[in-house]
Each structure stands twice: as structure tokens, then as C-alpha cells.
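Here, each number is a calculation from the coordinates, and none is a lab measurement. Predicted model, so just to flag it, every value in this text is computed and none were measured. Using ideal geometry, Cβ is built from the backbone for each residue, glycine included, and neighbour counts are taken over all protein chains shown.
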Ligand code: ATP
Ligand code: MG
């Protein structure tokens, strides 16, 4: 019988990798708290209708990427492909939108895509959403806090900020027809994907990866020329605020977002270190979405970062080198009485030395085999309890690694001095 395996594109994250995840999650949580954002925890499953209405029927996500199924009542449900829709649904349903709200969430998202480096079917995002503020200073805050995050993570030199404004709905409609007119005259030069999008979602052709299409677009009308005055003014203000705060950006006039609900500001943080999956964080303004989902008209802006890609970047950049968690002390005992004494002593050491990692040998075995395990564990020190030591009220402290070119000798320590001696030995080993 063949073994059951994980679903393609849905990965196990193993203990070797989780320190990166924990570091990333903790850094983001601390930083968002410092900016006054509150965490919201949302269901992983929502009514399918929520995503159809918010993301848009003719987007890649809704057309071909959603995990949709009927539950036992015959209601159509979907594993969330992104977090904004659920966050807006919750904000409306829970009556959060009477005052401005700064919210964030994290968790798994699901899209049926072709798995590759930086692209999974279950992936993880941290999303940040700000409701109730229509002005560009809100957009600027989101960009500034993400820029600070990259600095804190030590990856600021690997990322570039790209900005664009996609204007009001009306401006985009006018631009859409101009673009369709233009591309319609060159239909035969477009690949099948873009030809299909010409009918369904022509703006998406702008971020086609096909070099021929990009060359063709050099002659196409540009979105910037169709912007409404308000969007243009807001975009200028955002750029000024970022310049004043010293955040570098490039305006990418072909930057559009894959989801229907965006307007005005859109932005992406991209890196050239991860191959084709270069966008680590993406977002923008979506002033119409709350009303579209049945709430009172509420301006909003947000972004989501892709955790897998950030972890890859952290690994790649070496920003976390030397942070691997290490065992400090491996605890060995031989004989039932010694084992009991060791267990009790180490529990109280754990209370008194909260920054020290103790690995207690379990499962018995000879002294020699336990020492071998201690060596293998990478621990700096071994603490050894034998029956003789217990009778004498002592413990043996044995250095397991050379420091300064030599191995310090093992010593016999009276139980009463164990903690002080151990702290001294750890300090010596670290220097
Ligand atoms: P892409 O163009 O890479 O498909 P997207 O525009 O579909 O991205 P968004 O919906 O804006 O992505 O999601 C925000 C971020 O979430 C992306 O910038 C990326 O970092 C991450 N992300 C999106 N889809 C995936 C995926 N399938 N696997 C891993 N990360 C993803
Ligand atoms: Mg996508």
C-alpha cells in the first residue's frame, strides 16, 4: 500500500525552518503593535460568494484558483485565497467601521496554482488593513511601516518599492477602452492568455511576463494620462511624503493588481533574489470594497506580504545566520535514584535560568551511550548525575567543546553551588 502524502503545493514546515517563521512573525507582530494596529483572527473558510463579489468574477483567483466545495448543507464554501475579503466581511459584520480601524491578520491562504519556488497552494500571508481614512498619509504610513520592517529584518538592500496609481473607477474605465482599442489592433501579436484577457480583464495585460507583449505595450496609451485629478493629487502627495521620510521608490506605470477591488494607490515590494516570484509584499487602496460588500461607504487601504517568500529571502540574505537555537546543557544520569535527582534538579534550574536550554536525556541507556548523544546534540556542557554523586551531594560538569583551542577539564560541583558554577561555565563558553 502506498504511503499517504501531503497535498501537492502544501508544505510541511520543519523545525529547521520554523525559527525563521517565528522570528518573522514576532518581528511583524511587535512592529505592528508599535504602530497601533490590532490583530484580528479570521476564519479560514468563507462563503464562496464573498470572494466572487470582492475579488471579482473575471480574476485569475476566482476563475481558476479557488478551493471551492459544498458543505453538508449544500452551501458553497471556499478556502480563503486571500485575507482582505474576510477582514472586510468581519469589520462590517462586527460593526467595527464607525471609527477608523488599523487591523492585521495572519494565516494560511489557498490557491490552486502551479507549485514552484515561492509559489504554493497553501501559503501564508500577514495582511495589514486600515479603514476609514481616505487621505494619502494613510497610504504613506503603510509603506513606511513595511520599509521599517525590511530594515529590522536586515533585507532592506534586497527590496525595491514600486508605486503606481490606477485612479478612480471612472478613470480606469476610460483607460480600459483606450487600451482595448489599441491592443485590439494588435490582437494577432498577443499570446493566448492576453487575448483572453482582452475581453475579460484587459488591465492585467499590463503586467504580462511576455517580453513581446511588454514591447508592444511601449506604444500603448498610459494609465497616468487618464488619471482623475483627485487620484493624481493623492499620488503626488504620497510621493512627497515618502520622499520627506527618505523612502526610495520607483513609479512603475504598468503596475496593476490582480484583484478587482483596488483604486488609486497600488504598490509592491519586489526583490530580484527569488527568481520569477519576486513580489514579497503587495497592496493598495480599495475605497469601494466595503460598500460593495454591503457596508457603509468606507475608504480603505492595505497590503499583504507573502511569508514563504520572506522566509526564502531571510535564508538567502543570511540575515539570520547564527540564530539557530542551540542546546546549552545536556543532562545525563545513570541509575534510578540519580535519574530522579537529575530530573528534579534540572526542573529547578529551568526555573532559575530561563535563558538556558537544557536537554534531559530520556529513555535510559549506558553512561557511554548517553555521553555520545550529548556530544551529538551540539550542547556546550553536560551535567552528569551518578549514584556516587547523589550520595556525595555533588554533580559532574563536563565541557563538551573546545574553547580557545583547548577543552576545559570536567569538575565536581557541590549541588548547592551548581547554579552559580553552571552560569559561570556558560559565560566562559560563550566568550
Ligand atoms: P503573484 O503575482 O506572485 O501571483 P499576486 O498578485 O497573486 O502575486 P497577492 O494576491 O497580491 O499576490 O498576494 C500578496 C502576496 O502574497 C504576494 O505578493 C506574494 O508574496 C504572496 N503570494 C501570493 N500568492 C502566493 C502563492 N501561491 N504562494 C506563495 N506566496 C504567494
Ligand atoms: Mg497570483
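Points worth noting:
- Using just its DSSP H runs of length 4 or more, each adding -39500 (n - 2.57), the chain gives a mean residue ellipticity at 222 nm of -11500 deg cm²/dmol after division by all residues.
- With 5 Å bins from 0: P(r) over segment 358-397, alpha-carbon pairs, percent: 6, 21, 30, 26, 14, 3
- Quarter of Cα convex hull surface for segment 329-425, i.e. mean projection, nm²: 5.9
- Bridge type composition, the chain - antiparallel percent by DSSP, nearest 5: 80
- Using the alpha-carbon positions of segment 258-299, Rg (one decimal) and Dmax (whole number) come out as 13.8, 42 Å.
- Working ranking of peptides 369-377, 351-359, 282-290 by packing, defined as the average number of other Cβ atoms within 10 Å per residue, highest first, is 282-290, 369-377, 351-359.
- Distance between segment 220-279 and segment 107-135 - C-alpha centres, whole angstrom: 19
- Square roots of five times the Cα gyration tensor eigenvalues for segment 249-355, Å: 52, 22, 10
- Solution diffusion estimate, µm²/s, Stokes-Einstein, the chain, Kirkwood Rh from C-alpha pairs, 25 °C, viscosity 0.890 mPa s: 96
- Beta bridges per DSSP, both residues in segment 1-134: antiparallel share near 85 percent.
- Size descriptors for segment 167-225 (Cα atoms only): Rg and Dmax, in that order, 10.7, 31 Å.
- Distance from segment 282-341 to segment 157-219 (C-alpha centre basis), Å: 35
- Efficiency of FRET from Cβ geometry, residue 4 and residue 222, R₀ 51 Å, rounded to 0.05: 0.45
- Ranked by how many other beta carbons lie within 10 Å on average, peptides 381-392, 19-30 from highest: 381-392, 19-30
- A Förster radius of 30 Å combined with the Cβ-Cβ distance from residue 232 to residue 49 puts the calculated FRET efficiency at roughly 0.30.
- Folded to 0 to 90 degrees: helix 169-184 orientation relative to the chain principal axis, Cα: 80
- Residues 7, 280, ranked from the fewest to the most other C-beta atoms within 10 Å, line up as 7, 280.
- Beta bridges per DSSP with both ends in segment 329-425, % antiparallel, nearest 5: 55
- Global geometry of segment 1-117, whether rounded, prolate or oblate, following the gyration tensor of its Cα atoms and the 1.5 cut on a/c: oblate
- With Cα atoms, 0 to 90° folded angle of helix 229-244 axis to the chain main axis: 30
- Normalised by the number of residues in the chain, the mean separation of alpha-carbon contacts (under 8 Å, six or more apart) gives a relative contact order of 15 percent.
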